[in-house]
Amino acid sequence: MSFAALRASARRAGAAAPAARASRTALRNPAFRKFSTEVPPTPKKSSNAALLGALGAAAIGGVGFWVYTSSSDSAREAGTAVKSGVQAAKVAANYVPTQEDYQKVYNRVAEILDSAGDKGYDDGSYGPVLVRLAWHASGTYDKDSNTGGSNYATMRFEPEAKHGANNGLNVARDLLEPLKQEFPWISYGDLWTLAGVASIQEMGGPKVPWRPGRIDGFSAQCTPDGRLPDAAQGADHIRNIFYRMGFNDQEIVALSGAHALGRCHTDRSGFEGPWTFSPTSVTNEYYKLLLNEKWLWKKWDGPKQLEDKKTHSLMMLPTDYALVQDKAFKKWTKAYADDEQLWFKDFSSVVARLFELGVPSQQWVSSEPWILKSSDEK
C-alpha cells in the first residue's frame, strides 16, 4: 500500500475530518495526473504582440539598461515600476497565461504533496509547510504604508528569509523551485500562494478563490522583521499584527484555524509538537481542542507553551490560548468549534484576501478570482 493511501486510511480512522472528505483523499491517484511543461502560446492578435514588443524594448533599453546595471534603490524602484507596468499592460492586452495553464501548476503541486512521506518529512505531507510559506509571504502587509504582502515575493532574499518567523521555510521554497523552472512564466508570488491554495484544498479544506498577477521584486523591498505574529505573545499583540493588515477579530480567529495543520519544531521556532491529532487534514479540530481539552503549561527547558492534560502529545501556544481567554475571540472560537462549515466559509474568504494583500488591482488577470479544481475532480 502506498504512503498516500496509508495516510488517508489513518485520517479516516482518526475521525478528524468528515468521512466523505477522507474518502475523496483516499481515492487520489497521482499516477494518473498529467501536466504540461509547455510555455503558454503567444496570443495571435498582432496588436497585442506589438504592444508587448514595445514594452519589452523599453525594458531592455533605456530604463531597463539602467535598472540592470545599477544597484541603487532608485534603479530598483524603477525596475519594479517597469515590471508592474508590463504586468498591467499584459492584463489589458489579454497577453497572459490562461486559467488552464495555472491549473497545470496546481496539479503539479498536488502531485508533490505526499512525496514527503517517501522522504520522512514531518507527518507525511508538505501541505502544512506550503500553507505556511503562502501565509508568511502575504502576512507582512501594512495597510498604512501599503508595503509588504505577496506582490514581490521578497522572502527569496536574505534579509527576509532570515527573519525568525520564517525559519524552516527554505524547505517549502526549495520544494517549489523545480516547479518555477518547469513553469518559468509564473512569478514566485503567484507560485507560492497557488501552492498554499492547492495544499488547503488537497488536504480536505474548502475551495479558496485565487487569481494571478503578482510580480517579483528586489531585495530593497524586503519588509522589516516583526511584521508576523510572535507566538509567545497575547491578545493585544495579535490584534496589533492583524489590524495592521486590515483584519478584524472574527477574521483573526478564522485565520488562526490554519493551526489545525502542521507542527512546531525546536530547531525552527523553539516550540515543539502538533496542534491536533490530524496535522495533515484541514478540520475545525483546532477550535474544538482549544475549548474542550484541559491545557497545562508544559514543564520543559523550551519557550512557554501548553500541552494537553490527557496525552501530553499536543501543544498550544500563547497566541492560541488567547483565543479562549479573550471574550471577543472566544465567541468566534466557539462558533467555529460548533460548525465546521461556517469556519470553512469564513476561512476561505479571509485566506483568499490574505493571499492578495499588497497587489495593485490593475495587475490582476481576472476581475474575479478563480476556483481551481482539486485532484479528485479531474
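Per-structure values
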quantity: Options S70, S138, S125: the member that is among the hydroxyl-bearing types (S, T, Y), at pLDDT below 95 and not assigned by TED's automatic domain parsing to the domain that holds C264; calculated: S70
quantity: Any hit, segment 302-313, residues being in contact (Cβ under 8 Å) with a residue 24 or more places away in the chain, assigned by TED's automatic domain parsing to the domain that holds R263, closer than 24 Å to G127 by Cα and surrounded by fewer than 20 Cβ atoms within 10 Å (Cβ to Cβ); calculated: yes
quantity: All positions within segment 352-375 that are in contact (Cβ under 8 Å) with a residue 60 or more places away in the chain, over 18 Å from the mean Cα position of the chain (by Cα) and surrounded by fewer than 17 Cβ atoms within 10 Å (Cβ to Cβ); calculated: P360, Q362, S366, E368
quantity: Residues being surrounded by 22 or more Cβ atoms within 10 Å (Cβ to Cβ) and either among the acidic types (D, E) or touching a residue at least 60 places away in the same chain (Cβ under 8 Å) (or both) - total across segment 156-175; calculated: 1
quantity: Residues of segment 202-247 that turn out to be small (G, A, S) and under 16 Å from the mean Cα position of the chain (by Cα), as a count; calculated: 3
quantity: Verdict on A88 being touching a residue at least 60 places away in the same chain (Cβ under 8 Å) and outside the structural domain of T280 (by TED's automatic domain parsing); calculated: yes
quantity: Residue in segment 202-225 that is at pLDDT 95 or above, surrounded by fewer than 19 Cβ atoms within 10 Å (Cβ to Cβ), among the basic types (K, R) and closer than 21 Å to K327 by Cα present; calculated: no
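The values are calculated or read from the model by the stated rules, or taken from the named source; none is laboratory data. Model, not experiment: these values are computed from the prediction. All Cβ positions, glycine included, derive from the backbone under ideal geometry; neighbour counts span all protein chains shown.
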